[in-house]
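Accompanying notes for the structure given below.
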Amino acid sequence: MQSKPFGPTRVDVAAIGQGTWDIPESGVRLNEAKAAIRRGVALGMTHLDTAEMYGSGRVEELLGEAIAGLPRDGLFITSKVLPSNARYEDTLAACERSLRRMKLDYLDLFLLHWPSNHPLEGTMRALETLVEQGKTRFVGVSNFDVEEMLEARSYLRRVPLACNQVLYHLRERGIEHRLVPQARELDIAIVAYTPFGRGEFPRAQSKGGAVLESVAAKHGATPRQVVLAFLTREPHLFAIPKASRIAHVEENAGGGDLRLDAADCAAIDAAFPLRADGPLATL
Ligand code: NAP
């Protein structure tokens, strides 16, 4: 698994991590989902993404159970505060709750989940306070367009803005217009959520799907591994696919070792063209 410096943190983070939204919350599938997370970690997908929103806290508890006993310093754990909890004091309290649910002493990364109606300056000050208190190592935002990201960054005095986690998949490449170049220039990591478009992964029979199949065949890889390699092709790009099946996790981990060449990227670029610029797309 390729790992690389995560924006201004200089900490090496796995290019491909693991999402946890919608993991099964009970039954046999839950056990497989927890085993899948551990398998992913064993394969180097140590960046684990969750949020207080997922299952109203239940997913954080399950993630905590899944990683119990694993060496903490081998993991890079992200959670997110809901915009409705983004007042200064509420952000501090939300972080404490997330830590308690996961039975952790600290997070690696704590994000504002999407822009809130509460003053952004207060949220960013709270995130900074959490770093100073040792509750999180780094902070960032999610679903922030360029101007909002710059504003968030401007309120941080003593810690850098580590990342912006945004929607990014082959049919939704809008961030490449302005957000990706701006983040590159400012040394901010971009974390691609929903890298497979959830249930919208290109079918092998489609024109785009055929291109992915052919690039995959050239490398002895799979189309999903090709997609993950494409989305993380720049040094500051990371991705967090979610998989609750062990076979899926094993496949996704392989994307972290695949290097595409210029011809591969050109073929994918032509098959899934960048559409006109517009406001940031979100789920
Ligand atoms: P996604 O990762 O694009 O797709 C997840 C779906 O793909 C699941 O149905 C999964 O199935 C399937 N899948 C995964 N690997 C596969 C493989 N190798 N072969 C076949 N199917 C495979 O969608 P997502 O969950 O929306 O996004 C990923 C993560 O990003 C989330 O879990 C969450 O942590 C984060 N996220 C953040 C935001 C935000 O606002 N910041 C928004 C959305 C998502 P199985 O589960 O059955 O394996």
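The values are calculated or read from the model by the stated rules, or taken from the named source; none is laboratory data. This is a predicted model, so every value here is computed, not measured. No Cβ is skipped: glycine too gets one built from the backbone with ideal geometry, and neighbour counts run over all protein chains shown. Just the protein is used for accessible areas: all its heavy atoms, side chains included, with ligands, DNA and RNA removed. Shrake-Rupley method; radii C 1.70, N 1.55, O 1.52, S 1.80 Å.
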(request) Would you check which residues across the stretch 1-30 are part of a loop (DSSP other than H, G, I, E, B), closer than 16 Å to ALA229 by Cβ and among the polar types (S, T, N, Q) and list them? (result) GLN2
(request) Check whether at least one residue in the stretch 241-250 is open to solvent by less than 10 Å² (accessible area, probe 1.4 Å), away from the ligand (no atom under 14 Å from the Cβ) and of a type in the set (A, V, I, L, M), and report yes or no. (result) no
(request) Working only within the stretch 264-283, note down all residues that are open to solvent by 70 Å² or more (accessible area, probe 1.4 Å) and in contact with a strand residue (DSSP E or B) (Cβ under 7 Å, 6 or more places away or on another chain). (result) THR282, LEU283
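Yes/no per residue for (1) open to solvent by less than 60 Å² (accessible area, probe 1.4 Å); (2) within 10 Å of the ligand (Cβ to nearest atom); (3) in contact with an Asp or Glu (Cβ under 6 Å, 6 or more places away or on another chain):
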| residue | (1), (2), (3) |
| --- | --- |
| PRO160 | no, no, no |
| CYS163 | yes, no, no |
| ALA189 | yes, no, no |
| PRO195 | yes, yes, no |
| GLU200 | no, yes, no |
(request) Taking the options GLU32, GLU128, name whichever one is touching a helix residue (DSSP H, G or I) at 6+ places or on another chain (Cβ under 8 Å) and acidic (Asp, Glu). (result) GLU32
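Which one is farthest from PRO235 (Cα to Cα), of the residues in the stretch 1-34 that are small (Gly, Ala, Ser) and more than 11 Å from the ligand (Cβ to nearest atom)?
Restricting to residues being small (Gly, Ala, Ser) and more than 11 Å from the ligand (Cβ to nearest atom), the top hit is GLY27.
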(message) Residue pairs, Cβ under 6 Å, 6 or more apart or interchain, first in the stretch 256-283 and without any contact (Cβ under 8 Å) to a residue 40 or more places away in the chain, second open to solvent by less than 60 Å² (accessible area, probe 1.4 Å) and in a loop (DSSP other than H, G, I, E, B). List them.
(response) LEU258/ALA221
(request) Kindly indicate whether ILE37 is in contact with a strand residue (DSSP E or B) (Cβ under 7 Å, 6 or more places away or on another chain), over 28 Å from LEU186 (Cβ atoms) and either open to solvent by less than 10 Å² (accessible area, probe 1.4 Å) or not small (Gly, Ala, Ser) (or both). (result) yes
